Amino acid sequence: GESVGLHLPTLSVQEGDNSIINCAYSNSASDYFIWYKQESGKGPQFIIDIRSNMDKRQGQRVTVLLNKTVKHLSLQIAATQPGDSAVYFCAENSRSQGNLIFGKGTKLSVKP
Amino acid sequence: KAGVTQTPRYLIKTRGQQVTLSCSPISGHRSVSWYQQTPGQGLQFLFEYFSETQRNKGNFPGRFSGRQFSNSRSEMNVSTLELGDSALYLCASSPPSGGAYNEQFFGPGTRLTVL
């Protein structure tokens with residue numbers, strides 16, 4: 001079946017460093033991708049999205065890169081802060097799917 | 001604007017019982033989706049409702065059902081609970097849009113424990 005996965009289940013970075021969280025997707029028909037952040041005890045929170053007609057999109061301290069050739073998605077967080085500690089999920093959607101398919105999640109831990 | 005609210009936040013049930021969870025979407029949002037989150041399976045899509053109609057359904061048994069009311073509030077029901085149903089149940093609402101995809105706003109979830 002269609003699935004979205006993550007290369008690294010856990011990531012530990014030093015405060016102030018840049019973080020890169022990776023995600024592989026399997027459905028070549030997917031044309032919409034989202035990154036969510038989930039803090040303990042809370043629901044997922046939208047971070048940034050990207051459509052398949054783009055390969056890069058920037059937000060505040062975050063950048064999403066999309067490589068359709070290898071079906072790979074990444075989230076870059078600049079100057080990582082302790083408040084960035086959370087589990088990050090990538091999700092994909094396609095016109096045929098009609099709903100979001102989430103990856104397993106990567107836990108980001110920021111060391112002070 | 002108030003966010004997505006879910007009630008109750010925590011629930012403990014025993015095997016064989018049934019449970020009803022409630023979700024109130026953000027005002028003006030007409031689409032409500034439900035997800036099950038477990039450590040082993042991650043976030044899995046249950047179903048989506050739009051204007052009181054189920055628009056999409058995930059791969060879950062018929063014990064899982066839902067509905068949406070005219071005010072867009074939604075409920076999901078799980079009958080004959082099993083231990084494996086223990087999970088965080090998340091509700092998400094989406095704003096009306098002319099585009100193909102809408103950002104989903106999640107509630108805090110209902111933590112269901114089945115003993």
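The values are calculated or read from the model by the stated rules, or taken from the named source; none is laboratory data. Please read these numbers as outputs of a predicted model, since none were measured by experiment. Cβ: placed from backbone, ideal geometry, glycine included. Neighbour counts: every protein chain shown. Calculation scope for accessible area: heavy atoms of the full protein, side chains included, ligands and nucleic acids excluded. Shrake-Rupley method; radii C 1.70, N 1.55, O 1.52, S 1.80 Å.
Worth a mention:
- Among the residues here, A:Lys107 does not qualify as touching a Phe, Trp or Tyr at 6+ places or on another chain (Cβ under 9 Å), basic (Lys, Arg), at positive phi and open to solvent by 20 Å² or more (accessible area, probe 1.4 Å).
- Subset of the stretch A:36-55 (residues that are open to solvent by less than 30 Å² (accessible area, probe 1.4 Å) and either of a type in the set (D, E, K, R) or in contact (Cβ under 8 Å) with a residue 12 or more places away in the chain (or both)): A:Tyr36, A:Gln38, A:Pro44, A:Ile48, A:Asp49, A:Ile50
- Residue match in the stretch A:5-13 (condition: at pLDDT below 95, closer than 15 Å to B:Gly42 by Cβ and within 10 Å of another protein chain (Cβ to nearest Cβ)): yes
- Qualifying positions in the stretch B:9-64 - touching a residue at least 60 places away in the same chain (Cβ under 8 Å), of a type in the set (A, V, I, L, M, F, W, C) and surrounded by fewer than 20 Cβ atoms within 10 Å (Cβ to Cβ): B:Leu11, B:Ile12, B:Val19, B:Ile26
- Any hit, the stretch B:74-91, residues being in contact with a Cys (Cβ under 7 Å, 6 or more places away or on another chain) and within 14 Å of chain A (Cβ to nearest Cβ): yes
- Listed by first and then second residue, the pairs with beta-carbon distance under 9 Å, at least 6 apart or on different chains, first residue in the stretch B:74-88 and touching a residue at least 60 places away in the same chain (Cβ under 8 Å), second open to solvent by less than 30 Å² (accessible area, probe 1.4 Å) and among the hydroxyl-bearing types (Ser, Thr, Tyr), are B:Val78/B:Tyr89.
- Within the stretch B:48-75, the set of residues being under 25 Å from A:Cys90 (Cβ atoms), polar (S, T, N, Q) and assigned to a strand (DSSP E or B) comprises B:Asn56 only.
- Wholly enclosed strands (runs of 3 or more DSSP E) of the stretch B:1-47 bearing at least 1 residues more than 9 Å from chain A (Cβ to nearest Cβ) and touching a Leu at 6+ places or on another chain (Cβ under 7 Å): B:10-13, B:19-24, B:31-38
- Test: residue in the stretch A:84-95 that is part of a loop (DSSP other than H, G, I, E, B) and within 14 Å of chain B (Cβ to nearest Cβ): yes
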